[in-house]
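A.B. asks: Okay, handing you the structure first.
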Amino acid sequence: MSISTTAAPAGRTSHQAFRSVPRTGVIYVTNEATERGYRPGDASWSNLGQGQPESGPLPGAPPRAEAVVIAPDDHEYAPVPGLWELREAVAGLYNRLYRRGMPSQYSAENVAICGGGRASLTRAVAALGRINLGHFLPDYTAYEELLDIFRLVTPIPILLSRETGYRFTSEDLRREIMGRGLGAILLSNPSNPMGKVVSGDALHDWVGIARELDSVLLFDEFYSHYIWRPGPGEPGPTVSAARYVEDVEQDPVVLFDGLTKNWRYPGWRVTWTVGPKQIIRAVSSAGSFLDGGGSKPLQRAAVPLLEARQVEAESAAIRRAFLPKRKLMLERCQELGLQVDRQPDATFYAFVSLRNLPLALTDGMAFFRAALERQVICVPGVFFDVNPGRRRSQHLSRFRQHVRLSYGPPIDEVMRGMDRLQEMIQEADVGR
């Protein structure tokens, strides 16, 4: 969705040097709700559109950080690649979780720290050469503008089919790379909004094909601790392609993660990129002109959060808190006629079809606006039909009749939102 523009009043400049910049899905829907009185924390609203997990205390989780100590030199800039001690801590985390006993290990030089997930992804795409870059449909809404703004990169959409459960095999991957000449593929894994996860044997094969064909896999792993159904061969409750990298310097695998989702600290804007040293140097160079580096005191405060016991306790608490919310969301969707094309294996989203609802609610934007009247926020499916440069008509979007519902908020807010959607659907049903 683009920001609407109007003619400038007489006597005022129209600022024609600036283009109309679209908002990402969550930002768009939140702004629309804010115009109707929504404020974060307002108990009269239910934000089923939010892209962040609940950030308060959870039973069994480590205590939430409540203060940040600022050292005297924290008032200075941080290094663009990040504080060395945090880079070491991130490398140690990946080695401990995914690379025990393997001869090739990540080091601090395999890690760059950045101020947010979008900034990390922007650095990486800015550092790419003149290549074909594959991306899946549907996928994360912020990829759309990201893939359009750097004109060296040619975005190539890869359509996933509802009829096949959005399945995509390793042989499909090989065919797409070879047939379309893909120098890289960008994907969220686990995927946003579908909740589909490539893991275990399948992820092993994907990494092997990328190694064989020298095509870079850019894995957005921000939901990698929200795994509900690990795939065959996956030994742990978290998923990362780091487990299947043979040589951290040679394998064309780049990983993105951070405190945003898996540690439930989205406001900290502390994220990282993990990959071969050569690529880390390139994305750090891009950061030197794009963002200049992240917050120094928050990077320092992040180091103890990556200790083994902290990570294990937080991941276990996430499972205990979010599995009941997932169950609630899926059961209520079935009751309300909201068709889940594929039950989510991961994340905290349900991507639902509206095809079986009363006609007035079968369009995602119409459903979203009707829900706003009930003080419920959701995200229309068209935002996930990643369409760089608007090369396809939005009116033909395959996801026009979908919305994404989030069970990121606390369970009572999720329940309240689903109750209101039930009332909305029942009233529309009476008026058929």
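The numbers here are math on the coordinates, done by the rules we state, and not lab data. Predicted model, so just to flag it, every value in this text is computed and none were measured. In this analysis, Cβ positions are derived from the backbone assuming ideal geometry, glycine residues included, and neighbour counts consider all displayed protein chains.
A.B. asks: Based on the Kirkwood radius over alpha-carbon pairs, what value in µm²/s does the Stokes-Einstein equation return for the translational diffusion coefficient of the chain at 10 °C and 1.306 mPa s?
C.D. replies: Details: Rh = 22.5 Å.
D = 71 µm²/s.
A.B. asks: Can you run the Rg to Rh ratio on region 291-432? Use alpha carbon positions and the Kirkwood inverse-distance Rh. Provide the component values of the computation, followed by the final result.
C.D. replies: Numbers: Rg = 18.7 Å, Rh = 17.3 Å.
Using only Cα positions, Rg/Rh for region 291-432 is 1.08.
A.B. asks: May I ask you to compute the full-extension gain from Gln278 to Thr362, defined as 0.36 nm times their residue separation minus their alpha-carbon distance, rounded to one decimal in nm? Please list the in-between numbers first.
C.D. replies: On the way: separation 84, 0.36 × 84 = 30.24 nm, distance 4.84 nm.
Additional length available on full extension: 25.4 nm.
A.B. asks: Using helices alone, I'd like the mean residue ellipticity at 222 nm for the chain: each DSSP H run of four-plus residues gives -39500 (n - 2.57), total over residue count, nearest 500.
C.D. replies: -11000 deg cm²/dmol
A.B. asks: Show the residues, 5+ positions off or on another chain, whose built amide H is closer than 5 Å to the amide H of Ala346.
C.D. replies: The list, which skips near neighbours in sequence, is Trp228.
A.B. asks: Normalised radius of gyration for region 227-329, please: alpha carbon Rg relative to 2.2 N^0.38 Å, two decimal places. Could you put the intermediate results ahead of the total?
C.D. replies: Details: Rg = 16.2 Å, N = 103, 2.2 N^0.38 = 12.8 Å.
In units of the globular-protein estimate, region 227-329 measures up at 1.26.
A.B. asks: Output the DSSP H helices from the chain with an along-axis C-alpha extent of no less than 18 Å and a mean Kyte-Doolittle hydropathy no less than -0.5.
C.D. replies: Working: long enough: 84-98 (21 Å, -0.28); 200-213 (20 Å, 0.00); 277-290 (19 Å, 0.62); 308-336 (41 Å, -0.47); 411-430 (29 Å, -0.43).
Result, helices passing both filters: 84-98, 200-213, 277-290, 308-336, 411-430.
A.B. asks: Relative to the Cα centre, what is the charge dipole magnitude of the chain, using +1 at the beta carbon of each Lys and Arg, -1 at the beta carbon of each Asp and Glu, and rounding to the nearest 20 debye? Mind dumping the intermediate values first?
C.D. replies: Values: 50 positive and 48 negative charges, 147 e Å.
Dipole of the chain, to the nearest 20 debye: 700 debye.
A.B. asks: Mean shadow of region 75-310, computed from the convex hull of its alpha carbons, in nm²? Before the final figure, lay out the partial values.
C.D. replies: Numbers: hull surface 48.4 nm².
If you wrap the Cα atoms of region 75-310 in a convex hull and average its projections, you get 12.1 nm².
A.B. asks: Something else now. Using a basic spin-label model with each label point 7 Å from the Cα along Cα→Cβ, how many nm lie between Arg390 and Ile70?
C.D. replies: Result for the modelled spin labels: 4.3 nm.
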